[in-house]
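Where a number appears in this text, it was derived from the coordinates with a stated rule and is not lab data. As the structure is a computational prediction, the values presented were derived from the model and not from experiment. Note that we place each Cβ from the backbone using ideal geometry, even for glycine, and neighbour counts take in every protein chain shown.
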Amino acid sequence: MMDLAIKLLISHVLGDFVFQPDRWVEEKRDKGVKSVYFYLHGLVHLLSLLIMLGFDFSYFLSIAAIVVSHLGIDYFKIKLEPIWNPRLLFGLDQLLHLLVIAGVVSYYFSYEIDLEIFSSTRLLLFMLALLMVTFFSSVVVKTIMSTWDLKEDNADESLDHAGKYIGIIERLFVFGFILLHQWSAIGFLIAAKSVFRFSDLSRAKDRKLTEYILIGTLLSFGLAVIIGFVYQYILQYI
């Protein structure tokens, strides 16, 4: 089962990401099914599936189902692009492709998904830890840092909510490194962030901004470390 699933996933990645130039995507977006690249895209998927499955024509119906459904999903994606959020549409598009692949695999190998795992205490604890590391910690850091209002920290010169998202990503990295017991990787992450922040500090030449950034960084990393430790401690008793 796993062998077939991996081969189908490799074919999908090759067809959708490796062998689909931006020029194809743009012309498909402009001309839809009138674009020759719409059909070339399907042909690429067909060839990648045939090659990955060793030209085993016992999979012919499944290959046809994957290619036809892929083109159908892409067709509706093109139609919805002018009115839907492109990021949401991309995620939905990939999800539908993966569901088709999962359906093909289940046709050859019956398997069941144990839904009870979604209500297990361990999973619920993990979900709580992720929420604490991301959204809870963001509010805590923002609340504490609101004590200081620095004109040097000009939000107009940065992307919308960039600081929030950077904080969430870095805390997720720290949390993951703690679970993997990779403490040296956390040190590397701190060093990397310091390098990127150096240009801001050297340009500002302001001790207050340096202290402000340092406090925010230590708060963010500290919360991630504490949550990681608490998570691992509670996990021992579950």
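The alpha-carbon positions of the stretch 2-108 define a convex hull whose volume is 93 Å³ per residue.
Just to be sure I follow the rule: in the stretch 1-85, considering lysines 8 or more places apart or on different chains, how many pairs have Cα atoms under 17 Å apart? Lysine pairs meeting the criterion: 6. When chymotrypsin sites (Phe, Trp or Tyr not before Pro) are flagged only if DSSP places them in a loop and at most 16 other Cβ atoms lie within 10 Å, the longest unflagged stretch of the chain comes out as 149-236.
Spacing of the modelled spin labels on residue 58 and residue 147, each 7 Å from Cα toward Cβ, amounts to 6.9 nm. Of the residues 180, 127, 168, the one whose Cα sits farthest towards the positive end of the charge dipole of the chain is 168 (charges of +1 on Lys and Arg Cβ, -1 on Asp and Glu Cβ, taken about the Cα centre).
Restricting the calculation to Cα atoms, every distinct pair contributes to the Kirkwood radius of the chain, found to be 22.1 Å.
Between residue 50 and residue 88, the simple spin-label model (points 7 angstrom out along Cα→Cβ) gives 3.9 nm.
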